[in-house]
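Heads up: the structure comes next, in structure tokens.
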Amino acid sequence: MEEITNANFENYVGLSEGYSEMAYQMVSHVLTLGYAVMLAGLLYFILTLKTVAPKYRMSNVLSGVVMVSAFLLLYAQANNWTSSFTFQPQMGRYFLDTDGDLFNNGYRYLNWLIDVPMLLFQILFVVSLTKSSFTSIRNQFWISGTLMIITGYIGQFYEVTDYLKFFVWGGLSTVFFLHILWLMRKVIQQGKEGIPAQAQRLLQHIWILFLVSWFLYPGAYLMPHLLGVEGTLFSEAGVVGRQITYTVADICSKVIYGVLLGQVAVVMSRSNGYDHRTIQ
């Protein structure tokens with residue numbers, strides 16, 4: 001296979017065997033779905049801002065910021081996909097355009113670098129923590145979230161050219177990933193104390209959603225190696241599988257997560273005497 005230094009797996013497949021019409025369009029459509037859902041999420045979080053008491057509204061505001069960031073960068077990635085591959089009629093497949101830009105999953109990492117700290121901060125504006133605990137956990141969320149993304153970003157450049165570096169950087173990213181899971185579990189357990197039963201159930205749903213959706217990311221990171229790297233029948237499937245997995249994880253961990261946090265905030269607002277339905 002021709003060498004493309006530090007390029008993502010998608011480019012190697014596009015260079016060697018190309019993409020069938022189905023595979024190419026599936027990736028294009030799932031990337032479009034990703035940014036379209038983020039735009040719809042932005043509208044939702046704007047329209048529901050006043051359904052919660054003022055003290056909880058920062059969670060909605062942060063969700064809105066996450067939606068804008070995700071929309072812009074996923075839109076850029078969708079355009080990056082369509083501009084990186086061209087259809088060759090004689091082969092009936094889409095091949096890498098070596099005269100243009102390479103396809104780069106780095107757009108997702110740039111998006112996560114912005115979004116991950118804010119996603120983690122959101123829950124701190126809904127659950128009740130002491131001031132010292134709030135500050136400590138916020139700082140840990142920011143440090144671990146940032147380092148998790150940066151190390152993963154570096155590692156993905158070596159997914160084809162240097163397996164050792166790929167797994168070393170991925171392993172470092174996993175350490176920060178596990179620390180975030182531990183912190184989130186701690187926050188949710190503390191947040192359940194002394195709140196209405198409905199809010200407790202919603203927080204438990206958030207924990208399950210968080211756990212499942214966040215574990216999709218390392219799965220997508222490893223997808224090329226799980227479904228074949230080069231010259232196998234599964235190379236194309238690895239690309240399609242990864243982009244679908246990343247998109248599903250983004251929708252769950254950003255949009256659905258934000259909606260559930262908003263529902264917790266509604267319940268908490270009503271328990272504190274605020275009900276938007278009775279306010280003119």
| Residue match in the range 243-262 (condition: hydroxyl-bearing (Ser, Thr, Tyr) and more than 16 Å from the chain's Cα centre (by Cα)) | no
| remark: Over the range 103-115, the set of residues part of a loop (DSSP other than H, G, I, E, B) and either open to solvent by 10 Å² or more (accessible area, probe 1.4 Å) or within 24 Å of Ile188 (Cβ to Cβ) (or both) is Asn104
| remark: For Met118, the lone unmet condition from (1) open to solvent by less than 60 Å² (accessible area, probe 1.4 Å); (2) in contact with a strand residue (DSSP E or B) (Cβ under 9 Å, 6 or more places away or on another chain) is (2)
| field | Residue that is closer than 30 Å to Ser28 by Cα, of a type outside the set (A, V, I, L, M) and open to solvent by 10 Å² or more (accessible area, probe 1.4 Å), where the choices are Gly219, Gly194, Gly238 | value | Gly219
| remark: If we keep only residues of the range 121-138 that are without any contact (Cβ under 8 Å) to a residue 12 or more places away in the chain and either part of a loop (DSSP other than H, G, I, E, B) or within 19 Å of Asn60 (Cα to Cα) (or both), then the residue most open to solvent (accessible area, probe 1.4 Å) is Thr130
| field | Of the criteria (1) modelled with pLDDT of 95 or more; (2) open to solvent by less than 40 Å² (accessible area, probe 1.4 Å), which one Gln156 fails | value | (1)
| query | Just to be sure, is Ala70 surrounded by fewer than 18 Cβ atoms within 10 Å (Cβ to Cβ), in a helix (DSSP H, G or I), in contact (Cβ under 8 Å) with a residue 12 or more places away in the chain and touching a helix residue (DSSP H, G or I) at 6+ places or on another chain (Cβ under 6 Å)? | reply | no
| If you check every pair at least six apart or on different chains, which have Cβ atoms under 7 Å apart with a residue in the range 250-274 that is more than 18 Å from Lys192 (Cα to Cα) first and a residue that is acidic (Asp, Glu) and modelled with pLDDT under 95 second? | Lys254/Asp115
| Gly100 vs. criteria open to solvent by 20 Å² or more (accessible area, probe 1.4 Å) and small (Gly, Ala, Ser) | yes
| query | With respect to Ile143, is the statement that it is without any contact (Cβ under 8 Å) to a residue 60 or more places away in the chain, out of contact with any Lys or Arg (no Cβ under 8 Å at 6 or more places or on another chain), open to solvent by 70 Å² or more (accessible area, probe 1.4 Å) and farther than 14 Å from Val187 by Cβ true? | reply | yes
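The values are calculated or read from the model by the stated rules, or taken from the named source; none is laboratory data. Bear in mind that the values here come from a model prediction, so they are computed numbers and not experimental data. Here Cβ is always computed from backbone atoms with ideal geometry, including for glycine, and neighbour counts include all displayed protein chains. Note: accessible area is taken over every heavy atom of the protein model, side chains too, but ligands, DNA and RNA are not part of it. Shrake-Rupley method; radii C 1.70, N 1.55, O 1.52, S 1.80 Å.
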